[in-house]
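Shown next, in structure tokens, is the structure this report addresses.
The values are calculated or read from the model by the stated rules, or taken from the named source; none is laboratory data. Computed from a predicted model, the values in this text were never measured in an experiment. Don't worry about glycine lacking a Cβ; one is built from the backbone with ideal geometry, like all the others, and counts go over all protein chains shown. Heads up: the accessible areas ignore ligands, DNA and RNA and are worked out on the full protein's heavy atoms, side chains in. Shrake-Rupley method; radii C 1.70, N 1.55, O 1.52, S 1.80 Å.
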Amino acid sequence: MRRRRREAIPVSAATTRSRTPDRLCAEAVDLARAAAEEAAAPGVLGEHEGLVSEGDRVVTHFFGCRELGYRGWRWAVTVARASRAKIVTVDEVVLLPGPDAVLAPEWVPWSERLRPGDLGPGDLLPTEADDLRLEPGYTGAEEPPPNSALTEDLADRAEDEDAAVTGGSPAEQTVTPSRGSIAAVAEELGMRRARVLSRYGLHAAADRWEEAFGPKTPMAQAAPASCMSCGFLAPIGGSLGQAFGVCANEFSPADGRVVSLAYGCGGHSEAAVMPKPPQPAPPVIDETRVDPFPLRPSPDSGSVPSSEDASSADLGHS
């Protein structure tokens, strides 16, 4: 008869955890209450709301919280005892939210919470280096890395530990590029910008402007004509100028805004002639007209033709 070889099965701490609360730890309600009262403010500790076993000889007691603004929260006091020991000690005291606790909304980064119009005077809005709305402004030997916020000469100066700190605003601390370089030519032509709008940035701006002042707005639907034929439209350059312009009519709701060429409003420059008021339909019976009636009958209205003889006229024939 052959004996089977027994294999050792690894047992984790989770499998050895007892689901039944330790008796001595479960009975230490007064000890847990005293620890919670010491940590909480006076008069805010509620009744005992139960316990839960955290492991072998480890139990957490829950007490209600009466403090304002913490509805549904509970004071959790964890007690434990050593193996073969009869003395229970306090391990931890914390304030935890219960199943029906009022919690703050999930934290959202500021970059995702920012909305148009939130930027105020003195606020700075840093643009990320990998912003999809921007791309390098010029290319060549001195081209900075894609979506880089610093040019090569500025990066070298930033790495120089012995660089002297000069006063003035960042706009005044310009670096003169080497003569004949692409950066120097771009600056001479007024085109030296580290980054410009990318195709994605152009499309995003066009969609945003089209939604605010486009042909589908109620104002454009009721307009007599589009902005394309309006004298108050100030054209803009670049590829966006093929579909947008700036309104310069102070009485228009879009004054100073970028508007679509298909947008329109009642302040159109060629809508100066006021429309004629509608004329009412002619009446079926005209009660204002006067019909003329002669005082004497007409000479040719009788059955006998008129005669020029004076004697026959005296007889009174008509």
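Annotation: of all residues in the range 214-235 being polar (S, T, N, Q) and farther than 14 Å from Ser269 by Cβ, the one that is surrounded by the most Cβ atoms within 10 Å (Cβ to Cβ) is Thr217. Out of the residues in the range 256-275 that are part of a loop (DSSP other than H, G, I, E, B) and among the aliphatic types (A, V, I, L, M), state the one that is modelled with the lowest pLDDT. Going through the qualifying residues, I end up with Met274.
For beta carbons closer than 8 Å, sequence separation of 6+ or different chains, a first residue in the range 219-236 that is farther than 14 Å from Pro253 by Cβ and a second that is open to solvent by 70 Å² or more (accessible area, probe 1.4 Å) and part of a loop (DSSP other than H, G, I, E, B), the qualifying pairs are Pro224/Glu270; Ala225/Glu270; Ser229/Glu270; Gly231/Glu270. Just wondering, is there one or more residues in the range 241-249 that are among the aromatic types (Phe, Trp, Tyr) and within 28 Å of Pro136 (Cα to Cα)? Scanning the range 241-249 turns up at least one residue that is among the aromatic types (Phe, Trp, Tyr) and within 28 Å of Pro136 (Cα to Cα).
Scanning the range 236-255 for residues that are open to solvent by 40 Å² or more (accessible area, probe 1.4 Å), under 21 Å from His203 (Cα atoms) and either of a type in the set (Gly, Ala, Ser) or modelled with pLDDT under 95 (or both) yields Ile236, Gly237, Gly238, Ser239, Gln242, Ala243. Look at the range 108-136: where a residue is farther than 16 Å from Ala205 by Cα, no partner that is assigned to a loop (DSSP other than H, G, I, E, B) and among the aromatic types (Phe, Trp, Tyr) sits 6+ places away or on another chain with Cβ atoms under 8 Å. Counted as qualifying within the range 26-116 are the strands (runs of 3 or more DSSP E) with 1 or more residues that are on the phi > 0 side of the Ramachandran plot and surrounded by 11 or more Cβ atoms within 10 Å (Cβ to Cβ), namely 45-55.
Collect the residues in the range 72-92 that are without any contact (Cβ under 8 Å) to a residue 24 or more places away in the chain and more than 47 Å from the chain's Cα centre (by Cα), keeping them in residue-number order.
If the condition is that a residue be without any contact (Cβ under 8 Å) to a residue 24 or more places away in the chain and more than 47 Å from the chain's Cα centre (by Cα), then Arg84, Ala85, Ile87, Thr89 are the ones that fit.
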